[in-house]
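Undergrad: Quick one: structure below, then a few questions.
The values are calculated or read from the model by the stated rules, or taken from the named source; none is laboratory data. For clarity, every value in this text was computed on a predicted model and none was experimentally measured. The accessibility values were calculated without ligands, DNA or RNA, using every heavy atom of the protein model including side chains. Shrake-Rupley method; radii C 1.70, N 1.55, O 1.52, S 1.80 Å.
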Amino acid sequence: MNPAAALLLYTVLIAAAALASAAFPVLLPRLQARAHFLLSFAAGVMLGAAFFHMLPEAVDEGGIEALPWVLIGFVFLFSMERYVLIHWCKEDEACEVHGGRHHHPPRAMGLAALVGLSIHTLVDGFALGASVAGGVGTSVFLAILFHKVPNSFSLASILVYERYARRTVAAYVGLFVLMLPLGALLYFLLSGALDHGAFGARALAFSAGTFLHLAVSDLIPDLHRHRDHRLGLSLTLVAGIALMWAVGRLAH
């Protein structure tokens with residue numbers, strides 16, 4: 001199979017699996033009623049992805065010099081939430097920006113998740129393009145597939161929690177999935193002009209920083225506000241982390 005056909009096949013399969021996994025929290029009312037558990041699982045997936053996959057790979061490819069890009073990614077997403085995305089404010093809490101009290105879930109978290117996951121997917125697409133060109137596309141395809149299914153589920157879960165319309169959820173998830181072929185196209189456009197190892201390592205580290213910000217600054221604090229089901233929420237957080245650890249083992 002020539003590289004272009006292989007890349008097209010891998011992209012279509014990953015996109016189909018990601019879209020299918022995103023449909024579960026949208027279509028199943030029982031899952032929507034357990035939104036806090038889905039958020040807890042999403043936080044675990046993001047923590048696991050950052051620590052078990054993205055950071056080790058970034059250091060392996062770029063050395064210790066890649067680590068400052070984690071902080072850059074963290075501060076970037078903080079700045080996006082602070083100054084660009086819809087302001088984050090807690091339910092039933094006075095807000096100095098909007099005034100009064102809010103009785104609906106804030107929506108900055110969903111947009112932040114879209115930004116962080118899309119950056120990661122763009123990097124995955126870049127890696128997929130490079131691996132196909134290098135003749136090792138199958139193994140990288142499997143690794144990305146294992147990542148995209150829980151990532152897509154997590155994104156849809158967050159958007160469902162924030163009460164986005166189904167059409168909007170579908171559009172956001174579609175945009176997130178579209179980053180994969182765009183990343184592959186970016187690789188071929190930049191081929192020969194960049195140090196691929198250094199570029200990929202820094203991009204992965206940057207993306208890991210956005211994951212960490214989203215998990216520790218948005219998702220987990222929101223879970224702390226829910227006093228019920230403490231054990232269940234803790235277990236689902238650990239389950240998300242364990243899933244990404246298992247994915248790493250299977251991918252290797």
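Undergrad: Quick one: Karplus J couplings for the stretch 157-169, per residue in order, coefficients 6.51, -1.76, 1.60, θ = phi - 60°, nearest Hz, x for Gly and Pro?
TA: Coupling constants for the stretch 157-169: 4, 5, 5, 5, 4, 8, 6, 6, 5, 4, 5, 5, 4 Hz.
Undergrad: Quick check: at a probe of 1.4 Å, how many percent of the accessible area of the stretch 106-183 sits on carbon and sulfur atoms?
TA: 71 percent
Undergrad: Here is a follow-up. Shape of the stretch 143-202 from its Cα gyration tensor (a ≥ b ≥ c, root eigenvalues): rounded if a/c is under 1.5, otherwise prolate when a/b > b/c, or oblate?
TA: prolate
Undergrad: Hey, any idea what % of the stretch 14-81's accessible area is carbon plus sulfur with a 1.4 Å probe?
TA: 74 percent
Undergrad: Quick one: what are the phi-derived ³J(HN,Hα) couplings along the stretch 50-55, Karplus 6.51/-1.76/1.60 with θ = phi - 60°, whole Hz, x for glycine and proline?
TA: Rounded to whole hertz, the list is 5, 8, 9, 10, 5, 5.
Undergrad: Distance between the C-alpha centers of the stretch 170-190 and the stretch 46-76? Whole Å please.
TA: So the two Cα centres are separated by 21 Å.
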